[in-house]
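Reviewing the structure listed below.
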Amino acid sequence: MSDRILVPYDGSPPAKKALEYAFEKFTDSDVTALYVVPVPDGYREMFVETEERVPVDEESGQTILEDAAELAAESGHELQTELDTGKPDHVIVEHAADEGYDTIVMGSHGRAGVSRLLLGSVAENVVRRATVPVVVVR
């Protein structure tokens, strides 16, 4: 059984399902919800004013994590929360490795076909790059 579970959490229905799954399947583990404030990169970033490049959206992130904490409390579980900034898939993988998490449990937005090719998939990138097991919940 895993001791430390990381659940990337953005407040979406798939993320909520992932958090519920983590509580259900990893009953004796420490669960942490991580919200990543996305930072624009590449082509788009060239057209954004310097002081606006890193979104100052930590307040929204805290609100989303409070939602996760309420969900945990309603189901009788303890939850740690963390907030970080960067490219979500990179931050999730690095955070899991650097902080010693045993498993990542994350939701899938179910993108397929052209949408997945154009937009990419955070879950897919995490699965490909993570050094720990990843459970993707649909």
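The values are calculated or read from the model by the stated rules, or taken from the named source; none is laboratory data. Computed from a prediction, not measured in an experiment: that's the story for all the values here. Methodologically, a virtual Cβ is constructed for each residue, glycine included, from the backbone with ideal geometry; neighbour enumeration extends over all protein chains shown.
List pairs: first in the stretch 1-19 and farther than 15 Å from GLU78 by Cα and at pLDDT below 95, second part of a helix (DSSP H, G or I) and of a type outside the set (Gly, Ala, Ser), Cβ under 8 Å, 6+ apart or cross-chain?
What qualifies is ASP10/ILE64; GLY11/ILE64; GLY11/ASP67.
Suppose we keep only residues that are over 16 Å from TYR35 (Cα atoms) and touching a Pro at 6+ places or on another chain (Cβ under 8 Å) within the stretch 110-138. Which one would you say is modelled with the lowest pLDDT?
This residue is GLY110.
Pick from the stretch 65-88 the residues that are modelled with pLDDT under 95 and under 14 Å from the mean Cα position of the chain (by Cα): which of them is nearest to LEU6 (Cα to Cα)?
So the residue we want is PRO88.
How about the stretch 28-40: which of its residues are modelled with pLDDT of 95 or more and either out of contact with any strand residue (DSSP E or B) (no Cβ under 6 Å at 6 or more places or on another chain) or farther than 19 Å from VAL91 by Cα (or both)?
Result: SER29, ASP30.
When only residues in the stretch 91-109 that are in a loop (DSSP other than H, G, I, E, B) and at pLDDT 90 or above count, which is surrounded by the fewest Cβ atoms within 10 Å (Cβ to Cβ)?
Only one residue fits best here, namely GLY100.
If GLY61 passes every condition in (1) surrounded by fewer than 16 Cβ atoms within 10 Å (Cβ to Cβ); (2) part of a helix (DSSP H, G or I) but one, which one does it miss?
(1)
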